[in-house]
Amino acid sequence: SHWLTDVPGTDGWAAIAPTGFLEPALLAPLGVEPSPGPVLDVLCESLGSGGGQLPQPWRVRCIAPNQDFRALQGQPNATLVLDTPTAFLPDPERLDELALDFVPLASAGPEAWIQTPPTGPVELAALTPSGRGAVPAPKPALAALLAPRDPRRGSLVLLGSASPLIDGELEREDCAHGALVDVLLASLASPERLVAARLRAPEPERLPSMQP
């Protein structure tokens, strides 16, 4: 994960900071640009219960209607929660050079925004779609598939946050994090994919583009 939100106490403040993960350097050669800040959303987890609930807009709830895993084998078919996620933007020219297709798998909601990273702690009440540093970003892609146009090549799945895969999140009965892992394993590590990975058939040469 590129971003981390820390809520050190119950005084209504939070700190959003980079983790040091070099996401841009990793994604740019693959034809993908990460968002300049984390995605926040009104469709989020909350602390407390009843009338005392405190929204956590960095804990983004990606509900089933905002998912489309038809390019893979199976569907999580329930909510995924991503903590301080990055959004992914395709670079069409670079993707075409690599013969890859960018396929969004899951997105935030229509009122999501990209938060300009604050330089210090920020009040939780200020983390709103109209707050300082908030840039509207309706339904940004938080998970995406990089699908090769040559079926003999492997695919890549990008997750905007590793939080669904950590201990404590995988076992949540109110989320589909375990189902997500099952879908990824069935799709990326299927027997057919493992056999294809062992084959070393020569790749045909790509024809140069025809200029008009």
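The values are calculated or read from the model by the stated rules, or taken from the named source; none is laboratory data. Values in this document were obtained by computation on a predicted structure and should not be read as measured data. No Cβ is skipped: glycine too gets one built from the backbone with ideal geometry, and neighbour counts run over all protein chains shown. Heads up: the accessible areas ignore ligands, DNA and RNA and are worked out on the full protein's heavy atoms, side chains in. Shrake-Rupley method; radii C 1.70, N 1.55, O 1.52, S 1.80 Å.
Which numbered condition trips up residue 108, out of (1) of a type outside the set (S, T, N, Q); (2) open to solvent by less than 30 Å² (accessible area, probe 1.4 Å); (3) under 20 Å from residue 31 (Cα atoms)?
For residue 108, the failing item is (3).
Condition check ((1) open to solvent by less than 40 Å² (accessible area, probe 1.4 Å); (2) in contact (Cβ under 8 Å) with a residue 60 or more places away in the chain; (3) farther than 24 Å from residue 145 by Cα; (4) in contact with a strand residue (DSSP E or B) (Cβ under 7 Å, 6 or more places away or on another chain)) across all residues:
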position	(1), (2), (3), (4)
45	yes, no, yes, yes
54	no, yes, yes, yes
59	yes, no, no, yes
69	yes, yes, no, yes
74	yes, yes, no, no
87	yes, yes, no, yes
94	no, yes, no, no
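Can you find a residue that is within 12 Å of residue 32 (Cβ to Cβ) and either outside any loop (DSSP other than H, G, I, E, B) or acidic (Asp, Glu) (or both) anywhere in segment 128-136?
Scanning segment 128-136 turns up no residue that is within 12 Å of residue 32 (Cβ to Cβ) and either outside any loop (DSSP other than H, G, I, E, B) or acidic (Asp, Glu) (or both).
For segment 168-204, which positions are at pLDDT 90 or above and part of a loop (DSSP other than H, G, I, E, B)?
Correct list: 168, 169, 170, 171, 172, 173, 174, 175, 176.
Tell me whether segment 27-36 contains one or more residues that are open to solvent by less than 40 Å² (accessible area, probe 1.4 Å), within 23 Å of residue 178 (Cα to Cα) and assigned to a strand (DSSP E or B). Walk me through it before giving the result.
Pass one, segment 27-36, residues open to solvent by less than 40 Å² (accessible area, probe 1.4 Å): 27, 31-32, 34-35.
Then keep just the ones that are within 23 Å of residue 178 (Cα to Cα); that gives none.
No, segment 27-36 contains no residue that is open to solvent by less than 40 Å² (accessible area, probe 1.4 Å), within 23 Å of residue 178 (Cα to Cα) and assigned to a strand (DSSP E or B).
For segment 16-26, what are the residues that are open to solvent by 50 Å² or more (accessible area, probe 1.4 Å) and aliphatic (A, V, I, L, M)?
Of everything in segment 16-26, those that are open to solvent by 50 Å² or more (accessible area, probe 1.4 Å) and aliphatic (A, V, I, L, M) turn out to be 22, 25, 26.
Considering only residues that are within 13 Å of the chain's Cα centre (by Cα), assigned to a loop (DSSP other than H, G, I, E, B) and not hydrophobic (A, V, I, L, M, F, W, C), which ones fall in segment 69-92?
Hits for segment 69-92 are 84, 85, 86.
From 160, 131, grab the single residue that is open to solvent by less than 50 Å² (accessible area, probe 1.4 Å) and either of a type in the set (D, E, K, R) or at pLDDT 95 or above (or both).
Working: 131 fails: either of a type in the set (D, E, K, R) or at pLDDT 95 or above (or both).
Unique residue meeting the criteria: 160.
Filter segment 111-121 down to the residues that are of a type outside the set (Val, Ile, Thr), touching a Gly at 6+ places or on another chain (Cβ under 7 Å) and modelled with pLDDT under 95, then identify the one that is surrounded by the most Cβ atoms within 10 Å (Cβ to Cβ).
Checking each candidate, the answer is 118.
Within the set of pairs 6 or more residues apart or between chains, which connect a residue that is closer than 14 Å to residue 76 by Cβ inside segment 166-180 to a residue that is surrounded by 13 or more Cβ atoms within 10 Å (Cβ to Cβ) and acidic (Asp, Glu) with Cβ atoms less than 6 Å apart?
177/169
Please enumerate the residues belonging to segment 38-53 that are modelled with pLDDT of 95 or more, in a loop (DSSP other than H, G, I, E, B) and not β-branched (Val, Ile, Thr).
Selection gives 38, 41, 43.
On the basis of being under 20 Å from residue 109 (Cβ atoms), of a type outside the set (Asp, Glu) and part of a loop (DSSP other than H, G, I, E, B), does residue 56 make the cut?
On the way: under 20 Å from residue 109 (Cβ atoms): yes; of a type outside the set (Asp, Glu): yes; part of a loop (DSSP other than H, G, I, E, B): no.
So residue 56 fails the test.
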